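Derivation of every value follows stated rules applied to the coordinates shown; laboratory data play no part. Computed from a predicted structure; not experimentally measured. Ideal geometry is used to build each Cβ from the backbone, glycine not excepted, and the neighbour counts take in all protein chains shown.
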Amino acid sequence: MSRKKQKSASILAAALAASLAFGTVGYAAPLNTENGNSSHSQDQKIIARVNAERAIDHVRYLSEKIGTRPGGIENEKKSAQYIANTLKSYGYDVEFQYFPVADQYIGSAAFGDGTVWEMGAAPNGAISEAPVHAQVVYVENENFQGAEGKIVLLARADTTAGYREQVDKAVEAGAAGVILQSLVGSRGNYGQTFNPNLTAKYDIPIFGASYIHGEWLKEQMEQGAVELSLTAKHYNDLKSVNVIATKEAKSKDKDTKEVILGAHHDSVVGAPGANDNASGVGLMLELARVYKGYNTDKTLKFIAFGSEERGLLGARYYVDQLTETQKDQIEAVFVPDMVATNYDKATNLYAMTPDGSQNIVTSSTGEAGARLGNSDILPGKFGSSDHVPFHNAGIPAALFIWMGIDSWDPLVYHIEKVYHTPQDTIEDNISEERMQSALDIIGSGLFDVVRKKTKGNN
């Protein structure tokens, strides 16, 4: 569907202007309380410099200029390179950490005007870059009359066995291709793209489309005939990538602690991932810009994790490479994931741990919120993001995410309906105000941790 054009200065120019305006390499003052400054006055050093517009410029580049960023695919590598270049422009030492990931099967549905929608492809369907071009027909109530030679759009059955039967009937009717429209989820969320799980082998392309893809196709078919060209590709021998920027402590020794701010930079197939999770990356890059200008008593690492959407793979790999000594040196891990949604039912920014326990990350941000008079931040219990591998390794970590919670037991929560869909865009799903609130709270909480003396530090 069409998207409004949005004016934006280039990120490189913005980074340069920000560097000149705020002196990101020119205010190298230590972070400590020896001068008697209160925590509140220390907070002001951060919130006076962080800016949601700059963070959203990064969101725009990742979600619009690059687009979808499935783990292991070329666009994820473009994302990693952009993040690395930005961090290098701030003066950080940057390294790439590569790791293997499983194959991807991705389908493309192309319109005559050049618009292309990304979908999941069934591995057992035709996987070919030779296009299958045909008119699209929407089949309801298993009435496949007129499906021969057409690309058949079906609202998928709610079971795997059910949609396998739908595919069989479409193939028997002579369909040239099949698009299965994803369902609406139990929370009212719109279903995402998927790889149809088929047992039989078929010689036509079979795609799993997002719910909104199906709705958009139906709307277009109401206006007239719609034709598509379907192609599918099998991506193998894939590697995903973590991007790691390090700011060493001003006087490092064997007892120096380390603090991590990390956000995943990949997205699911078919979703530009503005909120999930270009927002977390944008927040991380904006805080990295500000923090580069300060000397710290603790080492700071800014990490963009790859392939979170494929099972927290980047964070798991990073943690698995750490020695026990290195794990012991990590004092805190802050993980922003989906920190700028405009969804009205996502009423609070939660600091979540997998077991609901409180730690230095949750307490520092909770205290920062109280000092700032910001009631957005609340503690909670939730997994499903890159804080989990660190937590499982005994490292204090927390996820930051905008949610609405109706009940903790049983868990009843609200996140945006367009999560993991083609509508996860700046226009449809980003709030500058929410981004600013997250920057203020997380930035101040992180600031509090890196400037406080830790037992064992000199």
- [ ] Give me the lysines in straight-line cross-link reach of K239: C-alpha distance below 28 Å, same-chain residues under 8 apart excluded.
- [x] K65, K77, K78, K88, K201, K247, K301, K327
- [ ] Take the alpha carbon gyration tensor of region 83-128, find the square roots of its eigenvalues, order them as a ≥ b ≥ c, and report rounded if a/c is under 1.5; if not, report prolate when a/b exceeds b/c, else oblate.
- [x] oblate
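Among DSSP beta bridges whose residues both lie in region 333-435, state the antiparallel percentage, nearest 5.
50
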Open item on the list: I'd like to compare 221-233, 49-61: which one has the highest average count of other Cβ atoms within 10 Å, and what's the full order after that?
Closed with: 49-61, 221-233
Task: the chain: relative contact order as a whole-number percent, Cα under 8 Å and 6+ apart - done: 21
TODO: At q = 0.15, 0.22, 0.24, 0.27 Å⁻¹, what is the base-10 log of I(q)/I(0) for region 88-168 according to the Debye formula with one equal point scatterer per Cα and no solvent? Please give it to two decimals.
DONE: -0.74, -1.28, -1.38, -1.45
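Rounded to the nearest 500 deg cm²/dmol, what is the calculated helix-only ellipticity per residue at 222 nm for the chain, with -39500 (n - 2.57) per DSSP H run of length n ≥ 4?
Details: 13 runs with 142 residues, N = 458.
That calculation yields -9500 deg cm²/dmol at 222 nm.
Tell me which chymotrypsin sites (Phe, Trp or Tyr not before Pro) from region 106-177 have a DSSP coil assignment and no more than 14 other beta carbons within 10 Å of their own.
Here the chymotrypsin sites (Phe, Trp or Tyr not before Pro) that fit, given the DSSP loop and packing criteria, are F111.
I need the GluC sites (Glu not before Pro) found in region 131-202, filtered to DSSP loop residues with at most 14 other beta carbons within 10 Å of theirs.
Those that pass, being in a loop and sparsely packed, are E140, E142, E148.
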- [ ] Going by C-beta contacts inside 10 Å, put H213, H391, H414, H40 in order with the fewest on the left.
- [x] H40, H414, H391, H213
TODO: Over the alpha-carbon set of region 119-251, work out the extent along each principal axis and list the three values in angstrom, largest first.
DONE: 75, 34, 31
TODO: Treating the Cα atoms of region 176-243 as identical point scatterers in vacuum, please give the log10 of the normalised Debye intensity I(q)/I(0) at q = 0.16, 0.17, 0.18, 0.24 Å⁻¹, two decimals.
DONE: -0.75, -0.82, -0.88, -1.14
Task: Gyration tensor (alpha-carbon) shape descriptor, region 344-384, a/c threshold 1.5 - done: oblate
Task: Relative packing of 436-442, 198-204, 89-95, which averages over residues the other C-beta atoms within 10 Å, highest first - done: 436-442, 89-95, 198-204
Task: Computed P(r) (all Cα pairs; region 254-347; 10 Å bins; percent) - done: 15, 41, 32, 11, 1
Open item on the list: For the chain, take every pair of Cα atoms, bin their distances at 10 Å starting from 0, and report each bin as a whole percent.
Closed with: 4, 21, 29, 23, 13, 7, 2, 0, 0
Open item on the list: Rounded to whole Å, give me the distance from the Cα center of region 313-377 to that of region 150-187.
Closed with: 40
Open item on the list: For Cα pairs less than 8 Å apart in space and 6+ apart in sequence, what is the mean separation divided by the residue count of region 104-235, i.e. the relative contact order in percent?
Closed with: 39
